[in-house]
């Protein structure tokens, strides 16, 4: 019987290297499907959004910097062969994986954002190294260690859904009713992973793991159009793909043809009394990789060819866009803006997310003024990655704006802000505050 020895140092290095890899390389199947979506898109706004995603993706691949400033919570899926032994471990297998996460996220040439907070209900203190990760493990026959790593952003994770349906209830109806309630904060176009059966926690686990599969919807469509016989799961995937895209949510919620690039479905036997169904979206920063350790040393993934990316180079349309100087912005100027207009911003802006808003809320009753003047200023809902090399600021993109909705009235009424920049839609409470204070949301 062959026995494989996996060394501690090799596992740690493999995890760290793979997390660096997925921070700046999209999977090839994602790029291929997104390029097809770009070619078929008819909506100018959605096509522009997809062009930005593709351009950003190639820049990340070339510069080895994160695709998205939210570099995610790490998920690791292990299949441990029963003939594998481990050498040099002073702690648990999970301890070794977390050391790999720690090193991967603190790489000096591409430092990734630490987003994990301990004591989530009370102190919510950042662990500073993005640990601990979430590890799922199966013991299987064989002498290999099969590893899938993923980094899941908060915007898409927060839109996860679980329902306990009756056995005769329609999964399709539930999905089509639920997806519009998710808004665009999950950053489409992406994927929907669906788990059906098992128990509540099993359905969620299946939905998450299904997102690690290759995107192959165009291949499935070709199979169907060629007259090949499809399985019932394949038929359900196709039906959901077509009907979800027909909802018209589109890239970044801007409408258009493509909300999802693929639908994945995993199933497991369940109790006769029910039908658990879980749905987890994956965002446009689809980050995962798979590799196998055989005891021969650390694993390093081969970089993709830059030829995989389509010849799409997004640039702002300076002729059709309005230039705005944030340093002199007034409510009178804001009143001339029109919905759907593209603005080119210049000048200084504030940054802050929900944690900063909560601190401001707690601070205002105790002080006469804030440490940083905010009258007639614009705040950008963003938490950038730390800069490296000669960067002035690391990768930065907007976070889900609805997290700030509960603070919007307070911020506009008491700090003098003129506007906010964020990702996707706002709720009724925030919209009413923006309207009442004649402010703007971009």
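A few points about this structure:
- Among the conditions (1) in a strand (DSSP E or B); (2) touching a helix residue (DSSP H, G or I) at 6+ places or on another chain (Cβ under 6 Å), residue 6 misses just one, which is (2).
- Test for residue 377: is it buried (at least 17 other Cβ atoms within 10 Å of the Cβ) and either over 22 Å from the mean Cα position of the chain (by Cα) or not assigned by TED's automatic domain parsing to the domain that holds residue 53 (or both): yes
Here is a yes/no grid of residues against (1) out of contact with any helix residue (DSSP H, G or I) (no Cβ under 7 Å at 6 or more places or on another chain); (2) within 21 Å of residue 272 (Cα to Cα); (3) part of a loop (DSSP other than H, G, I, E, B):
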residue	(1), (2), (3)
163	no, yes, no
194	no, yes, no
215	no, no, yes
218	no, no, no
222	yes, no, no
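Residue by residue, here is whether (1) more than 16 Å from residue 217 (Cβ to Cβ); (2) in contact with a helix residue (DSSP H, G or I) (Cβ under 8 Å, 6 or more places away or on another chain) holds:
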site: 15; (1), (2): yes, yes
site: 19; (1), (2): yes, yes
site: 25; (1), (2): yes, yes
site: 28; (1), (2): no, yes
site: 49; (1), (2): yes, yes
site: 55; (1), (2): yes, no
site: 67; (1), (2): yes, yes
site: 70; (1), (2): yes, yes
site: 77; (1), (2): yes, yes
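- Answer from 317, 307 - the residue that is in the same structural domain as residue 20 (by TED's automatic domain parsing), more than 15 Å from residue 60 (Cβ to Cβ) and out of contact with any strand residue (DSSP E or B) (no Cβ under 6 Å at 6 or more places or on another chain): 307
- When residue 398 is tested against (1) modelled with pLDDT of 95 or more; (2) surrounded by 15 or more Cβ atoms within 10 Å (Cβ to Cβ), exactly one condition is not met: (1).
- Selection count where residues are modelled with pLDDT of 95 or more and either buried (at least 19 other Cβ atoms within 10 Å of the Cβ) or not in a loop (DSSP other than H, G, I, E, B) (or both), scope the range 424-438: 10
- Test: residue in the range 170-191 that is outside any loop (DSSP other than H, G, I, E, B), in the same structural domain as residue 69 (by TED's automatic domain parsing), crowded, with 23+ Cβ neighbours inside 10 Å and in contact with a strand residue (DSSP E or B) (Cβ under 6 Å, 6 or more places away or on another chain): no
- Qualifying positions in the range 284-309 - surrounded by 15 or more Cβ atoms within 10 Å (Cβ to Cβ), over 22 Å from the mean Cα position of the chain (by Cα) and under 29 Å from residue 263 (Cβ atoms): none
The values are calculated or read from the model by the stated rules, or taken from the named source; none is laboratory data. Everything quoted here is computed from the prediction, not taken from an experiment. Cβ coordinates were reconstructed from backbone atoms using ideal geometry, including for glycine residues, and neighbour counts include every protein chain displayed.
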